[in-house]
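A.B. asks: Before I ask anything, let me first share the structure, which is written out below as structure tokens.
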């Protein structure tokens with residue numbers, strides 16, 4: 001019985017450690033988004049997803065004690081707050097890329113129009 005309780009406590013600690021790791025990963029992702037380091041952000045996101053998958057496996061076999069549930073809620077609140085800013089910055093980047101693509105397409109059309117009018121002269 002004592003070893004089962006120790007195992008449960010160990011898994012609960014692992015779950016909280018995973019949430020803390022997600023928070024740390026999220027903080028790095030936020031820093032990278034603020035710095036517009038999109039390549040590093042994508043790399044960090046893959047580590048984040050791995051942690052989420054690990055967390056899902058751990059939580060499937062263990063229910064947290066009330067103290068750990070409170071800590072989990074605190075960590076999740078921080079993670080979600082960072083996630084909102086990361087998503088907002090990614091949407092800004094998406095809009096910026098959309099504008100650049102539109103400008104590139106317009107430039108290409110202009111080049112084609114001038115190329116075809118020059119060849120007809």
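A.B. asks: Picking from 115, 120, 104, 81, which residue would you name as being over 12 Å from residue 19 (Cα atoms) and at pLDDT 95 or above? Outline the logic, then answer.
C.D. replies: Numbers: 115 fails: at pLDDT 95 or above; 120 fails: at pLDDT 95 or above; 104 fails: at pLDDT 95 or above.
Every option except 81 fails the conditions.
A.B. asks: Can residue 57 be described as in contact (Cβ under 8 Å) with a residue 12 or more places away in the chain, surrounded by fewer than 15 Cβ atoms within 10 Å (Cβ to Cβ) and more than 11 Å from the chain's Cα centre (by Cα)?
C.D. replies: Working: in contact (Cβ under 8 Å) with a residue 12 or more places away in the chain: no; surrounded by fewer than 15 Cβ atoms within 10 Å (Cβ to Cβ): yes; more than 11 Å from the chain's Cα centre (by Cα): yes.
Answer is no for this residue.
A.B. asks: Among the residues of the stretch 1-31, how many are touching a helix residue (DSSP H, G or I) at 6+ places or on another chain (Cβ under 8 Å) and farther than 16 Å from residue 56 by Cα?
C.D. replies: Total meeting the criteria: 6.
A.B. asks: Would you mind finding the one in 80, 90 that is in a helix (DSSP H, G or I), farther than 10 Å from residue 15 by Cβ and free of Cβ contacts under 8 Å to residues at least 12 places away in the same chain? Steps first, please.
C.D. replies: Numbers: 90 fails: free of Cβ contacts under 8 Å to residues at least 12 places away in the same chain.
Unique residue meeting the criteria: 80.
The values are calculated or read from the model by the stated rules, or taken from the named source; none is laboratory data. Remember, predicted model here, so these are calculated numbers, not experimental data. Positions of Cβ are backbone-derived with ideal geometry, glycine not excepted, and every protein chain shown enters the neighbour counts.
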